[in-house]
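Each remark here refers to the structure printed beneath this line.
The values are calculated or read from the model by the stated rules, or taken from the named source; none is laboratory data. Keep in mind that this is a model prediction, so the values were computed, not measured. Cβ: placed from backbone, ideal geometry, glycine included. Neighbour counts: every protein chain shown.
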Amino acid sequence: MKVAIIKYNAGNIYSVVHALKRLGVEPVLTDDPAELLSADRVLFPGQGEARQAMGYLREHRLDEVIRNLKQPVLGICIGQQLLCRHTEEGDVDCIGIFDADVKRFCPERHEDKVPCMGWNGLRVKSEKLKVKSEKLIVNEVKSEELRGNEVNEGVNPLFQGVNDGDYVYFVHSYYVPLCTDTIATANYILPYSAALHKDNFYTCQFHPEKSGAVGEQILRNFLKLK
Amino acid sequence: MDVKDGQTVKGTNFVNLREAGDPVELGKFYSEQGADELVFLDITASHEGRKTFAEMVSRVAATVNIPFTVGGGIGELKDVDRLLNAGADKVSVNSAALRRPELIDEITNHFGSQVCVVAIDAHEDEQGQWTCYLNGGRIPTERGLFEWAHEAQERGAGEILFTSMNHDGVKTGFANEALRRLSDSLSIPIIASGGAGAKEHFRDTFLEGHSDAALAASVFHFGEIKIPELKKYLKSEGITVR
């Protein structure tokens with residue numbers, strides 16, 4: 001299996017390389033469109049600042065390449081955010097796979113520290129969380145009540161073997177609100193999208209490459225996707 | 001893990017080092033045991049002007065699947081760049097930041113706040129005044145703990161790793177009074193360090209010290225406290241843990 005990691009100006013890409021190697025995969029780190037388009041799997045990881053990252057991707061025409069990928073793609077952390085429509089970070093338009101706008105966390109109490117950094121529990125027991133709008137979530141739906149809004153009891157293939165409450169590692173100041181493509185949620189200040197899925201595009205806000213055995217399971221699932 | 005010459009060591013009040021194994025193997029063991037983060041400090045780097053071994057960092061990054069922080073001897077951006085490229089998730093700065101506080105701004109502007117842990121070694125005198133120390137607790141400064149921690153936050157530090165020199169290695173609990181004052185007055189996470197000797201000490205630093213995380217070394221290295229048991233205990237005390 002040929003696994004490619006998109007090479008661009010974001011940090012912490014080597015963690016993903018190491019994590020894949022631990023699973024027995026030798027990934028290629030590349031910004032060559034032909035290599036990316038022909039890979040069996042593409043990962044779009046990284047930490048960084050959105051405006052700079054989007055600028056770099058556009059300059060190297062990688063945004064177009066990403067839009068045209070047909071194989072399973074996994075966006076991680078800023079990779080998830082850049083696959084959305086727009087982000088408040090640097091007020092920049094992004095790649096636009098997901099019909100969602102990335103927002104900055106607004107702390108409400110002293111305990112609400114931004115960036116959100118550390119381990120947090122996931123909720124994955126729903127293929128699609130049936131939510132109409134972010135406003136509905138913030139104003140009317142508390143995290144506990146979200147359960148009642150789930151209509152599909154299935155777990156997305158990305159989360160096979162992962163249970164509600166399993167912990168994964170997050171580092172972020174911006175978040176993707178709940179939307180129709182949400183496949184896992186986390187709760188920090190408010191419930192938000194911990195993972196998204198649409199067509200061949202999968203994303204995690206957290207870092208599976210840093211999330212111990214649970215993270216390894218998610219990466220293994222990604223490699224096994226049909 | 002305090003690392004000297006590629007080996008993990010743990011001092012008592014910063015002297016009398018005892019060996020506690022290979023940092024990479026130990027790191028893997030702890031990640032499998034359920035540690036949430038690892039910290040590797042090259043404890044002699046600052047004193048002897050050495051740089052942290054990027055080679056060890058690469059081996060750690062290839063081996064462990066949880067976040068880890070590396071510190072010791074970081075004086076400029078290229079040190080940070082090298083360590084992050086070797087696979088570290090965060091760097092901790094201590095003496096160099098006290099000597100030149102702009103280092104914190106530089107790191108956070110280039111790599112983001114989440115990368116920058118400011119480690120502070122401080123000692124409380126008989127009047128209750130906390131003073132920051134340089135070079136692994138060897139040289140006192142003019143800086144007070146609370147005002148320096150505040151400045152570090154203002155300059156963009158993502159976390160404060162506070163080691164009480166009075167408590168370190170003594171195993172009678174963390175410096176919860178000072179920790180609480182830090183945690184309640186700052187808006188960034190505070191990691192408690194120095195003094196862990198029993199499971200109750202961890203509970204106390206979360207409940208009384210308002211710490212966001214607790215760090216310990218020798219009680220784990222010598223098997224006095226096992227991480228799975230510690231976590232089970234903390235859960236039973238109503239503290240949220242992974």
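Here are some notes:
- The condition (being at pLDDT below 95, of a type outside the set (Ser, Thr, Tyr), closer than 17 Å to residue B:95 by Cα and not in a helix (DSSP H, G or I)) is satisfied by just one residue among B:136, B:169, B:223: B:136.
- When restricted to residues that are of a type outside the set (A, V, I, L, M, F, W, C) and free of Cβ contacts under 8 Å to residues at least 60 places away in the same chain, the range A:60-88 contains 8.
- Within the range A:1-59, the residues that satisfy the criterion of being among the basic types (Lys, Arg), free of Cβ contacts under 8 Å to residues at least 40 places away in the same chain and exposed (fewer than 15 other Cβ atoms within 10 Å of the Cβ) are A:2, A:21, A:58.
- Of all residues making up the range B:26-38, the number that are more than 21 Å from residue B:234 (Cα to Cα) and either more than 13 Å from chain A (Cβ to nearest Cβ) or surrounded by fewer than 20 Cβ atoms within 10 Å (Cβ to Cβ) (or both): 2
- The set of residues from the range A:22-50 being outside any loop (DSSP other than H, G, I, E, B), within 14 Å of chain B (Cβ to nearest Cβ) and within 20 Å of the chain's Cα centre (by Cα) comprises A:29, A:47, A:50.
- Sole exception among (1) within 14 Å of chain B (Cβ to nearest Cβ); (2) within 19 Å of residue A:201 (Cβ to Cβ); (3) in contact with a strand residue (DSSP E or B) (Cβ under 8 Å, 6 or more places away or on another chain) for residue A:53, by number: (3)
- The condition (being touching a residue at least 60 places away in the same chain (Cβ under 8 Å), polar (S, T, N, Q) and touching a strand residue (DSSP E or B) at 6+ places or on another chain (Cβ under 8 Å)) is satisfied by just one residue among B:211, B:183, B:218: B:218.
- Cβ separations smaller than 7 Å between residues 6+ apart or across chains give the following pairs from the range A:192-215 residues that are farther than 20 Å from residue B:67 by Cα and away from every other protein chain (no Cβ under 14 Å) to residues that are in a loop (DSSP other than H, G, I, E, B) and of a type in the set (Asp, Glu): A:196/A:181; A:197/A:181; A:198/A:181.
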